[in-house]
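J.: Take a look at this one; I'll ask things after.
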């Protein structure tokens, strides 16, 4: 009987195919975190648009004023914190407390009281930097790396281009912590080993991991700012050494 050879793959060909599939799988898996992060950035922009709507509704009911961001009975002002009553007002007008947290940051805030309520229950940390109602009216630059001044909006009728809400992107030497709500592949929070007075070092650590930040202006517009577009501001109002307490970027 005559034998006929059936077509098939050699061992070498099978190994080549397996290697190609392994490379393709690695490429797909490496791209997934970046894809997810881009989706979170889009969700953040949606949140900030809802913020803007809620803040304008609040102002319409409260003589053009914005919700208070400064914690009563405290002389120090720390941007990541807001008064509890202010957060309730924001949630009520925004329609949900979920809106007040960046999707990347919310799991951390929900899982840790030390993050949500680092001090007394009269204040809490939101998943964004709320810059309204902070006072004093002008936050001066405190020297490198903080070279930009900013004004805390108090009324809706203020400068329409003023930044009102921004992603959590800050360095807090007072607790040896750096935070970037939107790193290149997601939320980044790290403990730094730098000395409290090494403010430039803390800023460099944030910029090394941050992808950028969403910001919302007083006029309701929202935009994404790349890392190279971020500027550094005073993030606390305690005294001449504010750079050793908190520096924020938007």
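J.: Give the residues of region 111-132 that are surrounded by 21 or more Cβ atoms within 10 Å (Cβ to Cβ) and farther than 30 Å from residue 197 by Cβ, sorted by residue number.
T.: Once the filter is applied, which keeps residues that are surrounded by 21 or more Cβ atoms within 10 Å (Cβ to Cβ) and farther than 30 Å from residue 197 by Cβ, region 111-132 yields only 132.
J.: Also, I was wondering about something else. Give me the pairs, please: first residue somewhere in region 221-250 and at positive phi and in contact (Cβ under 8 Å) with a residue 40 or more places away in the chain, second residue anywhere and part of a strand (DSSP E or B) and surrounded by fewer than 14 Cβ atoms within 10 Å (Cβ to Cβ), beta-carbon distance under 8 Å, and either six or more positions apart or on two chains.
T.: Once the first residue is at positive phi and in contact (Cβ under 8 Å) with a residue 40 or more places away in the chain and sits in region 221-250, no partner that is part of a strand (DSSP E or B) and surrounded by fewer than 14 Cβ atoms within 10 Å (Cβ to Cβ) comes close enough.
J.: Let me ask something else about it. Condition first: within 17 Å of residue 64 (Cα to Cα), surrounded by fewer than 22 Cβ atoms within 10 Å (Cβ to Cβ), more than 15 Å from the chain's Cα centre (by Cα) and modelled with pLDDT under 95. Can you find one or more residues in region 99-110 that meet it? Break it down into steps so the answer makes sense when it comes.
T.: Restricting attention to region 99-110, the residues satisfying the condition of being within 17 Å of residue 64 (Cα to Cα) are none.
No: region 99-110 contains no residue that is within 17 Å of residue 64 (Cα to Cα), surrounded by fewer than 22 Cβ atoms within 10 Å (Cβ to Cβ), more than 15 Å from the chain's Cα centre (by Cα) and modelled with pLDDT under 95.
J.: Evaluate the following for residue 202: is it over 24 Å from residue 100 (Cβ atoms), touching a strand residue (DSSP E or B) at 6+ places or on another chain (Cβ under 7 Å), surrounded by 15 or more Cβ atoms within 10 Å (Cβ to Cβ) and modelled with pLDDT of 95 or more? Working first, answer last.
T.: Values: over 24 Å from residue 100 (Cβ atoms): yes; touching a strand residue (DSSP E or B) at 6+ places or on another chain (Cβ under 7 Å): yes; surrounded by 15 or more Cβ atoms within 10 Å (Cβ to Cβ): yes; modelled with pLDDT of 95 or more: yes.
Considered against the rule, which asks whether it is over 24 Å from residue 100 (Cβ atoms), touching a strand residue (DSSP E or B) at 6+ places or on another chain (Cβ under 7 Å), surrounded by 15 or more Cβ atoms within 10 Å (Cβ to Cβ) and modelled with pLDDT of 95 or more, residue 202 comes out as yes.
J.: Identify, please: which residue in region 144-159 is out of contact with any helix residue (DSSP H, G or I) (no Cβ under 9 Å at 6 or more places or on another chain) and in a strand (DSSP E or B) and is, among those, farthest from residue 170 (Cα to Cα)?
T.: Only one residue tops the list, namely 151.
J.: Could you please let me know if residue 135 is at positive phi and either modelled with pLDDT of 90 or more or crowded, with 17+ Cβ neighbours inside 10 Å (or both)?
T.: Working: at positive phi: yes; either modelled with pLDDT of 90 or more or crowded, with 17+ Cβ neighbours inside 10 Å (or both): no.
Spelling it out, it is not the case that residue 135 is at positive phi and either modelled with pLDDT of 90 or more or crowded, with 17+ Cβ neighbours inside 10 Å (or both).
J.: Same structure, new question: Does region 160-186 hold any residues that are part of a loop (DSSP other than H, G, I, E, B) and modelled with pLDDT under 95, and which are they?
T.: Selection gives 184, 185, 186.
J.: Give region 56-79 a look and list any residue that's surrounded by 15 or more Cβ atoms within 10 Å (Cβ to Cβ) and assigned to a helix (DSSP H, G or I), or say none.
T.: 56, 58, 59
J.: Give the residues of region 210-244 that are in a helix (DSSP H, G or I), surrounded by fewer than 18 Cβ atoms within 10 Å (Cβ to Cβ) and touching a strand residue (DSSP E or B) at 6+ places or on another chain (Cβ under 8 Å), sorted by residue number. Walk me through it before giving the result.
T.: Kept after step one, since they are in a helix (DSSP H, G or I), are these residues of region 210-244: 227-229, 242-244.
When the remaining residues are screened for being surrounded by fewer than 18 Cβ atoms within 10 Å (Cβ to Cβ), the result is 228-229.
Matches in region 210-244: 229 only.
The values are calculated or read from the model by the stated rules, or taken from the named source; none is laboratory data. Bear in mind that the values here come from a model prediction, so they are computed numbers and not experimental data. Glycine gets a Cβ as well: all are built from the backbone with ideal geometry, and neighbour counts include every protein chain shown.
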